[in-house]
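Each remark here refers to the structure printed beneath this line.
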Amino acid sequence: MVAQKTGQGQALPLHLSEIPPLPQGGMEDLLEKNLKLIIFGGKGGVGKTSIASAAALQLARHNKEKKVLIFSTDPVHALSDSFDQQIGNEPHLVQDGTDNLYALELDASQMLNNLKEEYRGDIVEVFDKFASSGMDIKFDKEVMEELITLTPPGLEELMALKKIVELMKTSDYDLFIMDSAASGHLLRFLETPNIVREWLKTVFRLLMKYKGVINLSRIHSVESLLDLSRDVRKIQETLANPETTEFVMITIPEEMGIREMVDLSSALRNLKIPYSHTIINMIIPLSDCNFCTAKRQEQQKYIQSIESKVNLVRSKSPEVTAVPLARTSNGVNNGVIYIPLFLHGVRGKESLNELAEIIFSKGRQNG
């Protein structure tokens, strides 16, 4: 037994025996599923990139017949750091000893800027033709330029997934793993496809005013808008299909981590996005260190809070209960995976393999 001093000088007993060891494994079912898209999401700083990278390595090794692509939509690209090699805006083979894992760091902001410039050029050309004929279209031109400039929230994220939809169409890759941006960006993406579709409808409505005067089919950006509209629908269908998509929630045993987990869980449930696994990362291992034990005891109440909230989510989402589940710290099965805080940074093949072992291995325990 060790003791922690309170502000009043009283000692609170801390019993190592009172803190249960944490089981390993819990995501083994993902190795056997014939999924098309796995999304790893959570608040910033919870270890999404490391966990997604480790999972990608294991999934590629287990499914050697499949080409796996892990991609990042985070403006702060960390896949290069995680794999300890330069990635970039085109798929690169990951140098990990396998020949079927590729990585891609999408520059969604640049893709969106390119799209805006393409549309803006067409707008100027089309409306200038009307101006030269003496027609008063100044207001419509200004409205259209405003619509293009003030794009709806979430469009950058949609541009990233638009690129992935294009890659899916080529059938070059069998499994896509998404290392998402922080949950604020992800929530914005998940909750705004309908807003984007309304934005597109407004653009089309304005263009249709002139369909009898100009041939809209000859305007390249109109075809691009039609493609984007179709891709938005395709994205919505893909995200809501439990046969093709799985979302993995990542959190940490802290108050803010739990709050963002609850918000994201609610959004996933409302959007009917399949969600069966919750990873609690950065758990302090059991040790004889007084400070570490005190911090771990503090974490334990948050771990139990996460477990209870996951149980609540599962009770409201009966479609996820058929998934093989990990055993929680209280001995209850509910799909929670526990990852200890690493003493070293998780970077490169060796560290990622160590992390993958914890995520996917059955029957072992860690503190």
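The values are calculated or read from the model by the stated rules, or taken from the named source; none is laboratory data. Just so you know, these numbers come straight off a predicted model, no measurement behind them. Reconstructed Cβ throughout: ideal geometry from the backbone, glycine too, with neighbour counts over all protein chains shown.
Are any residues in the range 225-252 under 25 Å from Asp263 (Cβ atoms), charged (D, E, K, R) and without any contact (Cβ under 8 Å) to a residue 60 or more places away in the chain, and if so, which ones?
Glu237
Of all residues in the range 248-258, count the ones that are part of a helix (DSSP H, G or I) and within 20 Å of the chain's Cα centre (by Cα).
3
Could you check Ala56 against (1) surrounded by 24 or more Cβ atoms within 10 Å (Cβ to Cβ); (2) in contact with a helix residue (DSSP H, G or I) (Cβ under 8 Å, 6 or more places away or on another chain); (3) not hydroxyl-bearing (Ser, Thr, Tyr) and say which number it fails?
Against the list (1) surrounded by 24 or more Cβ atoms within 10 Å (Cβ to Cβ); (2) in contact with a helix residue (DSSP H, G or I) (Cβ under 8 Å, 6 or more places away or on another chain); (3) not hydroxyl-bearing (Ser, Thr, Tyr), Ala56 comes up short only on (2).
Restricting to the range 259-294, give me the number of residues that are under 30 Å from Leu37 (Cα atoms), of a type in the set (A, V, I, L, M) and part of a helix (DSSP H, G or I).
Result for the range 259-294: 5.
Which condition number in (1) more than 12 Å from the chain's Cα centre (by Cα); (2) within 19 Å of Glu357 (Cα to Cα); (3) not acidic (Asp, Glu) is the one that Asn34 fails?
Result: Asn34 passes all but (2).
Looking only at the range 324-355, filter to residues that are in a loop (DSSP other than H, G, I, E, B) and at pLDDT 90 or above; which one of those is surrounded by the most Cβ atoms within 10 Å (Cβ to Cβ)?
Looking at the filtered set, the residue picked out is Val346.
Given the residues Ser265, Ser308, Ser287, which is the only one that is of a type in the set (Ser, Thr, Tyr), at pLDDT 85 or above and over 23 Å from Leu30 (Cβ atoms)?
Selected residue: Ser308, the only one of Ser265, Ser308, Ser287 that is of a type in the set (Ser, Thr, Tyr), at pLDDT 85 or above and over 23 Å from Leu30 (Cβ atoms).
Which ones in the range 356-365 are touching a strand residue (DSSP E or B) at 6+ places or on another chain (Cβ under 7 Å) and either surrounded by 15 or more Cβ atoms within 10 Å (Cβ to Cβ) or modelled with pLDDT of 95 or more (or both)?
Ile358, Ile359
Could you please find all residues in the range 100-114 being in contact with a strand residue (DSSP E or B) (Cβ under 7 Å, 6 or more places away or on another chain) and either polar (S, T, N, Q) or without any contact (Cβ under 8 Å) to a residue 12 or more places away in the chain (or both)?
Listed by number, the list holds a single entry, Asn100.
Of all the helices (runs of 4 or more DSSP H) wholly in the range 91-189, which have at least 3 residues that are at pLDDT 60 or above and either at negative phi or assigned by TED's automatic domain parsing to the domain that holds Lys33 (or both)?
Correct list: 108-132, 155-170.
State whether the residues of the range 270-291 include one that is touching a Ser or Thr at 6+ places or on another chain (Cβ under 7 Å), among the charged types (D, E, K, R) and surrounded by fewer than 18 Cβ atoms within 10 Å (Cβ to Cβ).
Checking the range 270-291: not a single residue is touching a Ser or Thr at 6+ places or on another chain (Cβ under 7 Å), among the charged types (D, E, K, R) and surrounded by fewer than 18 Cβ atoms within 10 Å (Cβ to Cβ).
Yes or no: Asn63 surrounded by fewer than 15 Cβ atoms within 10 Å (Cβ to Cβ) and either without any contact (Cβ under 8 Å) to a residue 40 or more places away in the chain or farther than 23 Å from Gly345 by Cβ (or both)?
No; evaluated as a whole, the condition is false for this residue.
Might you let me know whether the range 16-23 holds any residue that is buried (at least 22 other Cβ atoms within 10 Å of the Cβ), under 30 Å from Cys292 (Cα atoms), modelled with pLDDT under 75 and among the hydrophobic types (A, V, I, L, M, F, W, C)?
So far as the range 16-23 goes, yes, one or more of its residues are buried (at least 22 other Cβ atoms within 10 Å of the Cβ), under 30 Å from Cys292 (Cα atoms), modelled with pLDDT under 75 and among the hydrophobic types (A, V, I, L, M, F, W, C).
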